[in-house]
Every structure is written in structure tokens, then in C-alpha cells.
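The values are calculated or read from the model by the stated rules, or taken from the named source; none is laboratory data. All figures in this text were calculated on a predicted structure; none of them were measured in a lab. Here the Cβ positions follow ideal geometry from the backbone for every residue, glycine too, while neighbour counts run over all protein chains shown. With ligands, DNA and RNA removed, areas are computed over all heavy atoms of the protein, side chains included. Shrake-Rupley method; radii C 1.70, N 1.55, O 1.52, S 1.80 Å.
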There are 2 protein chains.
Amino acid sequence: MHNPEAIARDYLAVWNQPNADQRQADIARRWTADARYADPMMTASGREAIGEMIEQARTQFPGHAFALKGQPDSHRDFVRFSWTLAPAGGAPVGGGTDVVRLDAEGRIAEIIGFLDGA
Amino acid sequence: MHNPEAIARDYLAVWNQPNADQRQADIARRWTADARYADPMMTASGREAIGEMIEQARTQFPGHAFALKGQPDSHRDFVRFSWTLAPAGGAPVGGGTDVVRLDAEGRIAEIIGFLDGA
């Protein structure tokens, strides 16, 4: 059985990781080599491209962090969770819901992200 | 560009279709041959199995219908929408959110469903 909350928290920790080398090491450990990412604004395929995409997104929102919102749920190889993006001590500036596909070893094979809110 | 609301409504119409032959014809037109379906309760692969799965679900909820809830959204080849299940004239007994993956021709290649609520 997967632990959907641990998967979601580990995933968001990668987005919040300021050190690019550490982030890439986390991606190498937790994502498949051919992992895919797609949300309404960004898409990337493969660990290196995903790491660069996250770096770009972080540059656009300096001082902001992603946080888990609500309770992740899971069935089979899928995890769903919602998140918010907020500056330190501030109100969220955005949020969304992501669906994660895991491979047989529990590594992230795909993220399909959607934006929530207004 | 996809029309996410039309895709969601057509999809739910298949679940609400009482005639098995008509339902299977709709699936043949709108789904890929190797389409996959997975939610917390059911999974199916291929048009025939998906049709049988829907038939079984309909048998469990006689007189109920699926209805679109809120506004579907979409990016790239993905559509997300929420739905409710309710008896005729009654309050919803359940609901969920589905993510649809479309193929290049706009046919449904995959549904990843989650249950919402309580």
C-alpha cells in the first residue's frame, strides 16, 4: 500500500527544495527516468527537464513555498492531492490538484496537474 | 482545442445510457480500443470490459443518473470534471472527480477517477 500523504509531502518537498543538486537527487530517487509532467502552464519529460522546470517555476515565485492542502487520497497506483502556493507568512497566491501515477516500485511516473480556485 | 464540457457531458451520457448496445456504440465512437478506466472501486481495460463495468455499476444504482457538477477544465490532452450520482428527483448519493486523457483524435484513452465528499 502506498502512503498517499507521504508521497504528496515528498513531492512538494522537491518543489520547495532550493538546492538544485539536492532537488535533482531527490527526483532521481523518487521519479522514474522517463517521468512526465503536465499542468496548464508547464510540461516536461525526463528527470533533468523536470528539475529545470521546477527551477524555473521557483524563480518566478521567490520566497514562496508549496504546502499540502487537505487530505491526499489514493487508489491502485494513483495518488491525488491538493496544494497551495504562498509567500512566507502570507496568503496563498495559487493552488491546484495533482494526480500522480506511480510505477510498480512506487516511483513517480507521471504528474497531471490542474489549477484550482477562482 | 477540446471542448471539455462537451467531452464531460458525452462521457456521463454513456454512463446514463440504459441501452447496452447504444452504450457500446457510443464507447466505440468516443473511446480508443485499448482505453483504460480506474477508480477506487472499479477498473477495466478495453471497450468491451468498460461497457460491462458500466452495466454493472448501473445495476447497482437503478434509477440513478450521473450529472455534471461545476465547470470542467482542460489543458493539452487532459480534461477534469466533477460529477454527482443521484436518484431521479433526489439528493446525490455520491460524487467524484475524473481526469480524462484524450488521444490525438480526441478519443478517450484513459479515465482516472476519484471519489469526493464526506
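State the percentage of accessible surface on the protein assembly as shown attributable to carbon and sulfur atoms; use a 1.4 Å probe and exclude ligands, DNA and RNA.
Ligands and nucleic acids excluded, carbon and sulfur give 52 percent.
For chain B, what is the calculated [θ] at 222 nm in deg cm²/dmol (nearest 500), taking -39500 (n - 2.57) for each run of four or more DSSP H residues and dividing by its residue count?
-10000 deg cm²/dmol
If every alpha-carbon in chain A counts as one equal scatterer, what log10 I(q)/I(0) does Debye give at q = 0.18 1/Å?
For the requested q values the scattering log ratios are -0.91.
Under 14 Å from the Cβ of B:PRO92, count the other residues' Cβ atoms, weight Lys and Arg +1, Asp and Glu -1, and hand me the total.
Here the count lands on 0.
Just which residue of chain A brings its Cβ nearest the axis of rotation onto chain B, and by how many angstrom, rounded whole?
A:VAL99, 3
Between the label point of B:LEU68 and that of the same position in each other copy, find the distances and list them shortest first in nm, with every label point placed 7 Å from Cα along the Cα-to-C-beta direction.
3.4
For chain B, build the charge dipole from Cβ charges (+1 Lys, Arg; -1 Asp, Glu) around the Cα centre, then report which of B:GLY113, B:SER82, B:TYR37 sits farthest towards its positive end.
So the residue we want is B:SER82.
Shortest first and in nm to one decimal, what separations exist between B:GLY94 and its copies in the other chains, measuring from label points 7 Å along the Cα-to-beta-carbon line?
3.5
Along the Cα-to-C-beta direction of A:ALA88, a point sits 7 Å from the Cα; which residues of segment A:40-78 have their amide N less than 11 Å from that point?
A:63-65
Would you mind checking segment B:1-32 for residues with the amide N under 14 Å from a putative spin-label position 7 Å along Cα→C-beta of B:ASP77?
Output list for this probe position: B:2, B:31-32.
Placing the label point 7 Å from Cα along the Cα-to-Cβ direction, what are the distances from A:HIS2 to the equivalent spots in the other copies, shortest first, in nm to one decimal?
2.0
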